[in-house]
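The values are calculated or read from the model by the stated rules, or taken from the named source; none is laboratory data. Quantities reported herein were computed from a predicted structural model and do not represent experimental measurements. Note that we place each Cβ from the backbone using ideal geometry, even for glycine, and neighbour counts take in every protein chain shown. These area figures cover heavy atoms from the full protein model, side chains too; ligands, DNA and RNA do not enter into them. Shrake-Rupley method; radii C 1.70, N 1.55, O 1.52, S 1.80 Å.
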Amino acid sequence: MAIRTILHYPDPRLREKAKPVEAVTPSMLELIEDMAETMYAAPGVGLAATQIGEPHRIFLIDIAGEDEPSDLRVFVNPEILERIGDQTWEEGCLSFPGVTEEIKRANKVKVRALDRDGKPFELEADGLLAVAIQHENDHLDGVLMIDHLGLLKKRIVNRKMQKDRVRA
Ligand code: NI
């Protein structure tokens with residue numbers, strides 16, 4: 001297991017569309033382990049493979065609170081089947097350190113994916129879990145939180161990230 005480097009906006013690799021996973025092979029499981037370690041170390045509630053420069057359709061989510069037992073969910077080849085209603089959540093992203101913005105998304109989603117054993121499952125989620133699923137699923141298509149912002153906020157976030165890059 002290894003902690004991997006999380007790419008920061010505007011790294012062009014964050015715009016790559018991830019490819020479907022053909023099988024959950026030992027090397028994919030190793031990637032999932034690395035992703036989990038990287039997500040918990042950050043710490044974050046979700047991480048998509050594209051955020052560490054691995055263009056595979058995999059994301060992880062753990063929305064358990066700090067004093068709750070971990071609740072790691074692995075989504076391989078996820079598909080959002082239904083989106084119902086809407087909600088606005090103050091979102092952050094490990095690829096946009098220091099940025100939080102209100103983003104409007106569906107209130108409920110139904111998602112289908114494979115788990116870490118390669119077994120298909122379906123899940124209906126609402127609240128933070130639904131937000132996280134939509135946010136991470138976006139990453140796999142190269143869509144980032146900044147794409148959901150209005151023109152002015154987009155410029156502000158863009159500027160902040162460019163400045164941070166100069167400083168880094
Ligand atoms: Ni993100």
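Odds and ends about this structure:
- Whole-Hz Karplus values for region 128-138 come out as 4, 4, 5, 4, 4, 4, 5, 5, 5, 4, 3 Hz, taken residue by residue from phi with 6.51 cos²θ - 1.76 cosθ + 1.60 and θ = phi - 60°; glycine and proline positions read x.
- Charge dipole (debye, nearest 20) of region 1-84; +1 at Cβ of Lys and Arg, -1 at Cβ of Asp and Glu: 520
- Ordering Ile133, Ile84 by accessible surface, largest first, gives Ile84, Ile133; the 1.4 Å probe counts only protein heavy atoms, with every chain in place.
- Between Phe59, Ile32, Gly85, the Cα set farthest toward the positive side of the dipole of region 24-168 (charges on each charged residue's Cβ, about the Cα centre) is that of Gly85.
- Residues Asp34, Asp147, Asp117, Asp67, ordered by accessible area of protein heavy atoms at a 1.4 angstrom probe radius and largest first, appear as Asp67, Asp117, Asp147, Asp34.
- Using C-alpha pairs below 8 Å separated by at least 6 residues, the relative contact order for the chain is 23 percent.
- Net dipole in debye of region 52-133 [+1 Lys, Arg Cβ; -1 Asp, Glu Cβ; about Cα centre; nearest 20]: 460
- Net lengthening on full extension, Lys154/Ala2 (0.36 nm per residue, minus Cα-Cα): 51.4 nm
- Partners for Lys110 among lysines (Cα-Cα distance below 30 Å; same-chain residues under 8 apart left out): Lys17, Lys19, Lys119, Lys153, Lys154
- Using θ = phi - 60° in the Karplus curve 6.51 cos²θ - 1.76 cosθ + 1.60, the 3J(HN,Hα) couplings for region 104-112 round to 8, 9, 5, 6, 10, 9, 10, 10, 10 Hz; x is entered for Gly and Pro.
- Sequence of Met1, Met35 when ordered by accessible area, the most exposed leading, probe 1.4 angstrom: Met1, Met35
- Karplus-based coupling profile of region 14-27, in residue order and whole Hz: 5, 8, 6, 8, 6, 9, x, 7, 6, 7, 7, 7, x, 6, with θ = phi - 60° in 6.51 cos²θ - 1.76 cosθ + 1.60 and x standing for Gly or Pro.
- Residues in region 32-72 that a label on Asp117 would reach, taking backbone N under 16 Å of a point 7 Å out along Cα→Cβ: 72
- Taking all protein chains together and rolling a 1.4 Å probe, Ser70 ends up with roughly 90 Å² accessible.
- The chain - mean residue ellipticity at 222 nm from DSSP helices (-39,500 (n - 2.57) per run, n ≥ 4, rounded to 500): -9000 deg cm²/dmol
- Cα centroid separation, region 113-164 to region 47-79 (Å): 11
- Full-stretch length increase - Asp67, Lys108 - with 0.36 nm per residue and alpha-carbon distance subtracted: 12.2 nm
- For the chain, the Stokes-Einstein estimate of translational diffusion at 37 °C and a viscosity of 0.692 mPa s comes to 202 µm²/s, using the Kirkwood hydrodynamic radius over alpha-carbon pairs.
- Computed with a 1.4 Å probe on the full set of protein chains, the accessible area for Val24 sits at about 40 Å².
- Charge dipole magnitude, Cβ of K and R +1, D and E -1 - the chain, Cα centre, debye nearest 20: 1020
- Eligible aspartates and glutamates near Lys108 by straight Cα distance, threshold 17 Å, same-chain separation 8 or greater: Glu79, Glu82, Asp86, Glu90, Glu91, Glu122, Glu124, Asp126, Glu136, Asp138
- Taking all protein chains as they are arranged and a probe of 1.4 Å, the heavy atoms of Tyr40 leave approximately 100 Å² accessible to solvent.
- Built amide H within the under 5 Å cut-off of Arg4, gap 5+: Thr38
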